[in-house]
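What follows is a set of notes on a single structure, which appears directly below.
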Amino acid sequence: QVQLVESGGGLVQAGGSLRLSCAASALTFSRDTMGWFRQAPGKEREFVATIAWIGSTRYADSVKGRFTLSTDNAKNTVYLQMNRLKPEDTAVYSCAAVPFRLATIARDYDYWGQGTQVTVSS
């Protein structure tokens with residue numbers, strides 16, 4: 001059974017950094033694409049970043065140059081390093097997985113974690 005568990009959220013001042021982790025069980029990065037999405041209060045869920053099973057990455061324009069994806073295959077964990085955070089980055093961040101598909105739309109993902117709150121104060 002696939003399980004995704006996010007961690008690393010918290011409260012940070014604008015300009016600061018956080019690293020989110022998504023620990024995955026029962027899947028493999030050689031097969032599964034991992035994505036990060038976020039949802040702010042009163043807003044729709046939006047794409048943040050994705051790393052495909054083939055290693056290619058894609059970022060939302062709003063985070064490009066500030067956020068970076070990486071994976072640790074030994075730990076089956078994907079990381080989202082978030083630098084130069086802004087108040088508009090405040091949201092619940094969720095990781096998701098889907099096999100053999102490069103996807104930037106939430107409905108294309110099969111598995112989801114519970115999310116972790118990121119709050120950026122001004």
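Could you tell me whether Met34 is within 13 Å of the chain's Cα centre (by Cα) and within 13 Å of Val120 (Cβ to Cβ)? Outline the logic, then answer.
Working: within 13 Å of the chain's Cα centre (by Cα): yes; within 13 Å of Val120 (Cβ to Cβ): no.
Criteria not met by Met34.
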Of all residues in the range 113-122 being of a type outside the set (Ser, Thr, Tyr) and part of a loop (DSSP other than H, G, I, E, B), the one that is most open to solvent (accessible area, probe 1.4 Å): Gln114
Restricting the range 55-90 to residues that are polar (S, T, N, Q) and part of a loop (DSSP other than H, G, I, E, B), the residue that is nearest to Pro41 (Cα to Cα): Thr90
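Hey, among the residues in the range 37-89 that are of a type in the set (Val, Ile, Thr) and crowded, with 20+ Cβ neighbours inside 10 Å, which one's farthest from Leu27 (Cα to Cα)? Don't jump to the end; show me each part of the working.
As a first pass, look at the range 37-89 and keep what is of a type in the set (Val, Ile, Thr): 48, 50-51, 54, 57, 63, 68, 71, 77-78.
Next, from what is left, pick out any that are crowded, with 20+ Cβ neighbours inside 10 Å: 48, 50-51, 63, 78.
Details: Val48: 21, Thr50: 16, Ile51: 14, Val63: 26, Val78: 12 Å.
Going through the qualifying residues, I end up with Val63.
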Restricting the range 15-31 to residues that are open to solvent by 20 Å² or more (accessible area, probe 1.4 Å) and part of a strand (DSSP E or B), the residue that is nearest to Val120 (Cα to Cα): Leu18
Inter-residue pairs, beta-carbon under 6 Å, first more than 19 Å from Arg58 (Cβ to Cβ) and in the range 71-85, second assigned to a strand (DSSP E or B), 6+ apart: Asn76/Ala24; Thr77/Ser21; Thr77/Ala23; Leu85/Val12; Leu85/Val120
Pairs with Cβ under 8 Å, 6+ apart, first in the range 98-112 and in contact (Cβ under 8 Å) with a residue 40 or more places away in the chain and part of a loop (DSSP other than H, G, I, E, B), second of a type in the set (D, E, K, R) and open to solvent by 30 Å² or more (accessible area, probe 1.4 Å): Phe100/Arg31; Arg101/Asp108; Leu102/Arg58; Thr104/Arg58
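The values are calculated or read from the model by the stated rules, or taken from the named source; none is laboratory data. These numbers come from a predicted model, not from an experiment. So basically every Cβ, Gly included, is an ideal-geometry build from the backbone, and we count neighbours across all protein chains shown. Note: areas computed on protein heavy atoms with side chains; ligands, DNA, RNA excluded. Shrake-Rupley method; radii C 1.70, N 1.55, O 1.52, S 1.80 Å.
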